[in-house]
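To keep things clear, I will list the structure first and then write my remarks on it.
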Amino acid sequence: MFDPQHNDPGTTMTTLGADDTQLSVTLRQLQVFLAIAKAENIGNASRDLSMSKSAVSQALGELEARLGVHLFDRNRGRIFLTAEGRRLMPQADEMVARAKDISSLFSNRKRLTSFRVGCTRTVGTFMIAELLRGFEDRLGWIPSVEIANTQRIAEKLVRFELDTALVEGPVRHSELVTESWMEDEMVVIAPKEHPLSGRPVSYEELSNARWILREEGSSSRNFFDTQLRQKLTSVRVSTELDSFDAILRSVLMGLGLTYISSRVLSDPYYGRYVTRLELPDRFMRQLTFCHHRDKYLCEEVRLWMDHCRAYANRASRAMY
C-alpha cells in the first residue's frame, strides 16, 4: 500500500489539485508515467528508467490509485494513453522539467542533453551543425537532436518526445503551435556542366527534364508539388530518396535535377559541384519553430530559441 507520508529516497513530493484534499504524487511516479507514455511498453520504459518492470508497474499503479483514474489502455502488449492520460501529459512533463530546472540552479556542472530538439532534414543537413557549434561555444554544452521529416517530427512533438523543433514545412495539428523563424529559398540544382546551366531556363524545358525528389510526406516534396510543379506541364520523376546526400550524389551522376534549399550552394562539399538554374521566378518558404501548445519551455529551451533567432538575423542580413 502506498503511504502518502512516506517519500522514497531521491523522490520529491508534489501535488495536483487546488483544494484541501490535494493529492500527493511523487516526481518518480510522474517520470514513470512519462516514460511509459513515450515507450508505449512497460518493459521498454523500465529499461529507459533503469528500473525493474515490477517497480515501474508498481509506480504506475500507485499513481493511478492516487488519482482515481486509468491513465492507459492495454492491448496486445502495448499500452496507450486514455483521455485522462492525455490530460495529465502536459502537467507531468512541466513538473518534471521544472524539477530539473530547480536541480540545476545551484550546480556549476555542464548540462548535457538537458532538452530535446527536433529538426527536419533541410535544417539537419545544412544548418544544425552551425547552430550546435555556436550554442556550445556560448554555453559549453549541446542539446540532444533528432532529424526526421516534418510528419515524424510533428508526431514526436504531440507525444512530448521532443521539447521544440525547427521545421521547414507547414504543420497543421491542433495541439501544436508554430512561430516564424527564418526564410529559405528553394532552387533547382544541376551539375555545373549541365546543358541548362549558365543561362535562363524556361518552365517548358524543366517539364522535359528528369527529377530526383524527396519522398512523399517531406516538406521539400510538398513545396515542389505546391510551388514548382504548378508551373510545369509534366513531371518525370526518376526516383524518390529520403537522403539529401543520396539525392545530391544522384544529381552529380546525371540522373536528374532536384528542388532543394539554396543553402546547398554554400555547402563546403556539394557547393563546389552544383549550380542553381536561372528560373523565371523565385520560390521562398518560411522555416518555423514548433512545439506543443501545452509544453513548458524551460530556460535552456528559451536560450536555444534565442540563439536560433540570432542565427536567422545574421543570415537575413547576409542575404540582403
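Structure values in brief
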| read-out | value |
| --- | --- |
| Lys, Arg +1 and Asp, Glu -1 on Cβ, resulting dipole of the range 13-104 about Cα centre, debye, nearest 20 | 440 debye |
| Label-to-label distance, nm, for residues given as residue 147 and residue 75 (7 Å Cα→Cβ offset) | 3.5 nm |
| Top of 191, 170, 280 by mean-square fluctuation, Gaussian network on the chain, Cα under 10 Å | 280 |
| Cβ-based net charge around residue 125, under 10 Å, with every Lys or Arg adding one and every Asp or Glu removing one | 0 |
| Dipole of the range 175-279 [Lys/Arg +1, Asp/Glu -1 at C-beta], most positive-end residue of 180, 195, 230 | 195 |
| Charge dipole magnitude, Cβ of K and R +1, D and E -1 - the chain, Cα centre, debye nearest 20 | 700 debye |
| Within a Gaussian network of the chain (alpha carbon springs, distance under 10 Å), most fluctuating of 165, 310, 97 | 310 |
| Of the GluC sites (Glu not before Pro) in the range 191-236, those whose Cβ has at most 10 other Cβ within 10 Å and which sit in DSSP loop | 193 |
| Under the span-like rule (Cα at least 15 Å along the axis, Kyte-Doolittle mean at least -1.0), DSSP H helices of the chain | 27-39, 53-67, 83-104, 128-139, 299-319 |
| Total charge dipole magnitude, the range 182-284, about the Cα centre, Cβ charges on Lys, Arg, Asp, Glu only, Debye to nearest 20 | 260 debye |
| Projected area averaged over orientations for the range 184-320, convex hull of C-alpha atoms, nm² | 9.9 nm² |
| Diffusion coefficient, µm² s⁻¹, Stokes-Einstein with Kirkwood Rh over alpha-carbon pairs of the chain at 37 °C and 0.692 mPa s | 147 µm²/s |
| Hull shadow area, averaged, the range 13-104 [alpha-carbon convex hull, nm²] | 6.1 nm² |
| Listed residues 45, 71, 55: farthest to the positive end of the dipole of the chain (Cβ charges) | 45 |
| DSSP bridge orientation in the chain - percent antiparallel, rounded to nearest 5 | 70 percent |
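Read-outs: derived from the displayed coordinates by stated rules, not from any lab. On a predicted model such as this, the values are computed, not experimentally measured, just so you know. Cβ sites come from the backbone with ideal geometry, for glycine too, and all protein chains shown count toward neighbours.
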